Amino acid sequence: MSSPKIAVLGAGANGASVGADLTEAGLDVVLIEQWPAHVEAMRSRGVRINEADRSRTVPVRTIHLCEAATLHERFDHVLMLVKAYDSRWAAHLIEPYLKPDGLLVGVQNGMTVDTIADVVGASRTLGGVIEITSAMFEPGIVERYAPVERSWFAVGSLGPETKGREEEIAALLRHSGAVDIVDDIRATKWMKLVVNATALVTTAILGLPLAEAAEIPKMRSFMIRSGQEALDAAVALGNPVLPIFGMSQETLGGPGGQVSNLLDTLLSQFVVPGGKTTVLQDWIKGRRSEAEDIHGLVAATHRDIGRRAPANEAVVELARRIERGELEPQVGNLDLLLELGNG
């Protein structure tokens, strides 16, 4: 039986790391990426993964996004690691190259799973969740702060069409970290969104590494408030409160302490000193962030049920100002964040 054909669509820091891990495992994988210099760097010298205790260079097969139209093969599995806001067009791009019984998995932040299913069909969609800490500032070079043993994924089916096929994807992702197969992937993705609403954009607004920002008492309180608003939104939509990151229900705790416990687990198990969030990396590069897909979704969900989410509204407002060039990410933004978030 031939080896399954795999594509990693979106080979930034996380995608290149996963693609390198799969390649080293001897799997048939191609990386599809939209940053031209990065593609050329990987073609000429492979992708270099720098970790705390080692550096490895992995020759990978990679193509430019614009070269996808030249593909003659169809893929059994596509791991999509693009930004949440790019999910729909990326799913449309790869759909012609996904086998009729293939699986497309959004290994991403945000609530993208139904968008993907809308494009390729529920029978070819699995939901995914990712927690890897990494960065990329030079083409072909990944700074992977969290090695395999400190990385985590979850996969799950949307319904009966793919029930029982989760292991196909879990087996791939285990080359890059621990994997949980979950029964309720939407709820699990909401729980990751709670974590992201706590820590991802909030700390980036201060221009600080996540761990450093979380040590500021007023900031930590704001982060937990932002995460609680996200958790309230998830529950209002009928989602159960589930443990993630390999936590137990006991470790997650009960109402009032769940967001704090999630944050502490994130900080102790997945965050390294000096590690910049993906949002802060985006802003350093002058790129758009996923603030709307995280905090914007939380605020919109509260509006739909006749409530407000002032902390998340404040984060969205400051993120927009930063992306318009009106503000710089800096510690001085904390007072403004607190002022707006108390509305």
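If I histogram all Cα-Cα distances within region 174-256 using bins 5 Å wide from 0, what percent of pairs lands in each bin? Calculated P(r), rounded to whole percents: 3, 14, 21, 22, 19, 14, 7, 1.
Entry note, the chain: the mean residue ellipticity at 222 nm calculated from DSSP H runs of n ≥ 4, each adding -39500 (n - 2.57), is -12500 deg cm²/dmol after division by the residues and rounding to the nearest 500. Ordered from largest to smallest accessible area (heavy atoms of protein chains, 1.4 Å probe), the residues Leu126, Leu338 come out as Leu338, Leu126. The phi torsions of region 275-289, fed into the Karplus equation with coefficients 6.51, -1.76 and 1.60 and a -60° offset, translate into couplings of x, 8, 5, 4, 5, 5, 4, 4, 5, 4, 8, x, 9, 5, 9 Hz, rounded to whole numbers, with Gly and Pro shown as x.
Two tests apply to each whole DSSP H helix in the chain, Cα reach of 24 Å or more along its axis and mean Kyte-Doolittle hydropathy of at least -1.0, and the ones passing both are 185-205, 217-236. Using Cα centres only, tell me the gap between region 188-244 and region 5-43 in whole Å. Each part reduced to its Cα centre gives a spacing of 30 Å. Close amide H pairs (under 5 Å, H built 1.01 Å from N) link Val78 with Ala7, Leu103, Leu104, Val105, residues at least 5 positions away or on another chain.
Out of all DSSP beta bridges with both ends in region 120-201, state the antiparallel percent to the nearest 5.
Details: 9 of 13 bridges.
Antiparallel: roughly 70 percent of the beta bridges in region 120-201.
If Lys and Arg each add +1 and Asp and Glu each add -1, what is the summed charge of the other residues whose beta carbon sits under 11 Å from the beta carbon of Gln281? Spelling it out: positives minus negatives among the neighbours equals +1.
In this structure, the amide hydrogen of Val47, modeled 1.01 Å from its nitrogen in the peptide plane, lies closer than 5 angstrom to those of Val58, Val60, counting only residues at least 5 positions away or on a different chain.
The Kirkwood hydrodynamic radius of the chain, based on inverse pair distances between different Cα atoms, is 20.2 Å. In this structure, Gln330 and Tyr85 have a Cβ-Cβ separation that, at R0 = 25 Å, corresponds to a calculated FRET efficiency of about 0.50. Report, in listed order, any pair from Lys189/Lys285; Lys99/Lys189; Lys83/Lys163; Lys99/Lys163; Lys83/Lys285; Lys192/Lys285 with a Cα-Cα distance greater than 22 Å. Exceeds cut-off: Lys189/Lys285; Lys99/Lys189; Lys83/Lys163; Lys192/Lys285. Each peptide in 158-164, 203-209 gets a packing score, the mean of other Cβ atoms within 10 Å over its residues, and the list from highest to lowest is 203-209, 158-164.
With both labels modelled 7 Å from their Cα along Cα-to-Cβ, the Ala37 to Ser268 distance reads 4.1 nm. For the chain, a simple Cβ point-charge model (Lys and Arg +1, Asp and Glu -1, everything else neutral) yields a dipole of about 320 debye relative to the Cα centre.
May I ask what percent, to the nearest 5, of DSSP beta bridges between residues of the chain are antiparallel?
Working: 13 of 42 bridges.
Bridges in the chain are about 30 percent antiparallel.
Model label sites at Asp28 and Arg165, defined 7 Å from Cα along the beta-carbon direction, differ in position by 1.8 nm. The C-alpha atoms of region 101-230 occupy a region whose extents along the principal axes are 48, 36, 25 Å, arranged from largest to smallest. If the chain linking Ser55 and Arg321 were pulled fully straight, counting 0.36 nm for each residue of separation and taking away their Cα-Cα distance, it would gain 92.0 nm.
The values are calculated or read from the model by the stated rules, or taken from the named source; none is laboratory data. Since the structure is predicted, the reported quantities are computational estimates derived from the model, not experimental observations. Cβ coordinates were reconstructed from backbone atoms using ideal geometry, including for glycine residues, and neighbour counts include every protein chain displayed. Note: accessible area is taken over every heavy atom of the protein model, side chains too, but ligands, DNA and RNA are not part of it. Shrake-Rupley method; radii C 1.70, N 1.55, O 1.52, S 1.80 Å.
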